[in-house]
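Structure first, then comments.
The values are calculated or read from the model by the stated rules, or taken from the named source; none is laboratory data. Only a predicted model underlies this, so the values are computations on that prediction, with no experimental measurement involved. Heads up, the Cβs are rebuilt from the backbone with ideal geometry, glycines too, and the neighbour counts pull from every protein chain shown.
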Amino acid sequence: MNITATGAAEAEPPADASHGHSQGSLAKLAVGAVGIVFGDIGTSPIYAFRETFAGHHKIAPDQLHVYGVLSLIFWSMMIIVTLKYVAIIMRADNKGEGGSLALLALINRTLSGKRRWTSGIVLLGVFATALFYGDSMITPAMSVLSAVEGITTVNRGFEPYVLPIAVGILVCLFAIQSRGTAKVGLLFGPIMVTYFVTIAALGVMHIVSHPNIIMAMLNPLNAFAFYAQEPMRAFVAMGSVVLAVTGAEALYADMGHFGRRPIKVSWIYFVLPALLLNYMGQGAMLLEQPYAQALETVKNPFFFLAPEFLRLPLVLLAMAATVIASQAVISGAFSVTQQAIQLGFIPRLRITHTSESAAGQIYIPVVNWALMVMVILLVVSFGSSTNLGAAYGIAVTGAMLIDTALIAVVLLNLWNWNRVLAFGLLALFFAVDGLYLAANLLKVPDGGWFPLLVGAVAFTLLTTWARGRKLMIDRMQEASLPMEIFIKSAAPSATRVPGTAVFMTSSPNGVPHALLHNLKHNKVLHERVILLTVRIEDVPYVPDEKRSETEDYGHGFYRLKLRYGFMEDIDVPDALGSLKSCGPICKMMDTSFFLARQTLLASSRPGMAIWREKLFAWMLRNAESAMEFFKLPTNRVVELGSQVEI
């Protein structure tokens, strides 16, 4: 399976496409990163500590367990987030871009000749992407619902209104996506800065009465003591402790928007201290209370940190923070889908740009509404964030383990690190990720099956499309006529008419079917014939000087290849309007675009199972029109149909 796609599309350049991420002062970018990148992991204190103690597998809020859990949270953040993602994985950028697909493209481009590596690595990267879709459904449901449940700490009478309020917030959130979030996004940074300062201050208020909590969290022996005395309970608790680091992968995925340094600075000097202070505050509050009271407090410790008169403002601030976190996940789903389209794993979809200047401001209707339906179903069917907690985490831990496998290839084959150091770090990462994944597998009967089901469906769709496209292109090339022979036989005798004909073709060789059909039915050739192939490279952006490659066959025939990065927007008329290597500059009023629309016939030929062939045919029928995808002028397009047997 080759992830270098031909004829796919979409993505917008950031503010400075030449460098791959936004430009501005470090402070401004750091605040922007706080608002966008850290929403998911930043809102985890709302439910992570609670789910560990009062979730499906309850543990007593006594000193052994509080100290042990805090130690697990601290060292998980240091190993998974700080060391693995911030210090190592974020260095593996693909021309400034991050994320599983960007890393996959980097590995594929570098190791393209070593097939024993790339086939398995591609499947791992695709599965990580598939798991992301499961996570992107659960995260908004979990975070918003857990924040809205905070109103019950203000007044128990609000409990019947929790679900309707949460559903209302989520519906409004998805409804505004088509308008873009550029203006609202300006508030994200200040709101999240306020949120992190607030949760840090609330934590400090309780730490001062129990200062020993600081050393307890930093001491790894407390985690070992928890395991030594209650190994099974500690193992099960890790399934909830991992909720404290959900969102770590967003640091890498959003690197293209802000750059490595602003995210690193924001995490180390602001976000990480605020989170640790809040977790320590929750632990200190439980230990300073009588045991009977702590049993009640642990049901929602985040909100009980605040004095009663500040609890409602804290709930409102938490709601705003979770909406921002959900927005980041939704935008991430759009971005991942866009990259997957470009790399040839998803059919063409309608993508709308909602901002002319802001990076990442795109809207994909089918993804938006599908996510909304699934998120609402999750909220209504699970009913509470505690029930959702049983489903949350398994997709994240699976993706984290795959990221470790991908970075192993980078360390050993791309960077050629010292084997002892590389294997030592990888052993640590695999051990931690494997332990968390194993603990989360216990959640499968209680709801963990949902993200796995979503991941399996998404993986099937992604791989079916990639495999089907390759088979279709191969079948079309089998019957392809060499261009030189066609020109010798057809060019001298065919009637030539004024103007330019652009034949869009996915194959860089042979005669396009649309050209043969046009000559057969209309019995004419244009004065200038351009065979155009759009190729998506394994890099985010392609420099203008490398955008096009032209081959002149003579007799007015040209073969043109346009290259784009997987984060670029494709505009064929714009590219043709500035091209000088195919004779006179193309004028749209004198140019006709010919597209071939294939109808697939499932067959018993080797390649794919019949059911996958039918699935691929359905996906092809429902793909976005190539005319809109490549931004072709609607009144200059001719579509010619053909049948292909795969």
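For this structure, a couple of remarks:
- Lone unmet requirement of (1) touching a His at 6+ places or on another chain (Cβ under 8 Å); (2) on the phi > 0 side of the Ramachandran plot for Gln361: (2)
- Number of the exception - Thr246 against (1) over 30 Å from Ser326 (Cα atoms); (2) surrounded by 18 or more Cβ atoms within 10 Å (Cβ to Cβ): (1)
Here's the yes/no breakdown for (1) modelled with pLDDT of 90 or more; (2) buried (at least 24 other Cβ atoms within 10 Å of the Cβ); (3) touching a Pro at 6+ places or on another chain (Cβ under 7 Å); (4) not assigned by TED's automatic domain parsing to the domain that holds Leu317:
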{"site": "Ile59", "(1), (2), (3), (4)": "yes, no, no, no"}
{"site": "Thr82", "(1), (2), (3), (4)": "yes, no, no, no"}
{"site": "Arg91", "(1), (2), (3), (4)": "no, no, no, no"}
{"site": "Gly96", "(1), (2), (3), (4)": "no, no, yes, no"}
{"site": "Leu111", "(1), (2), (3), (4)": "no, no, no, no"}
{"site": "Arg116", "(1), (2), (3), (4)": "no, no, no, no"}
{"site": "Leu124", "(1), (2), (3), (4)": "no, no, no, no"}
{"site": "Asp135", "(1), (2), (3), (4)": "no, yes, yes, no"}
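- Residues within the stretch 174-190 that are assigned to a helix (DSSP H, G or I), buried (at least 18 other Cβ atoms within 10 Å of the Cβ) and either modelled with pLDDT under 90 or not assigned by TED's automatic domain parsing to the domain that holds Met374 (or both), tallied: 4
- Of the residues examined, Ala147 is one that is at pLDDT 80 or above and either surrounded by 24 or more Cβ atoms within 10 Å (Cβ to Cβ) or not in a helix (DSSP H, G or I) (or both).
- When we screen Ala284, Ala274, Ala340, Ala321 for residues that are part of a helix (DSSP H, G or I) and at pLDDT below 90, the only hit is Ala340.
- Index of the failed condition, Leu310 passing every other in (1) within 29 Å of Val154 (Cβ to Cβ); (2) at pLDDT 90 or above; (3) surrounded by 24 or more Cβ atoms within 10 Å (Cβ to Cβ): (3)
- Test result for Ala399, outside any loop (DSSP other than H, G, I, E, B) and over 21 Å from Gly239 (Cβ atoms): no
- Filter result for Val167 (assigned to a helix (DSSP H, G or I), in the same structural domain as Arg109 (by TED's automatic domain parsing) and surrounded by fewer than 24 Cβ atoms within 10 Å (Cβ to Cβ)): yes
- Selection count where residues are in contact (Cβ under 8 Å) with a residue 40 or more places away in the chain and of a type in the set (A, V, I, L, M, F, W, C), scope the stretch 489-533: 10
- Looking across the stretch 191-225, the residues that are in a loop (DSSP other than H, G, I, E, B) and either surrounded by 16 or more Cβ atoms within 10 Å (Cβ to Cβ) or under 32 Å from the mean Cα position of the chain (by Cα) (or both) come down to His210, Asn219.
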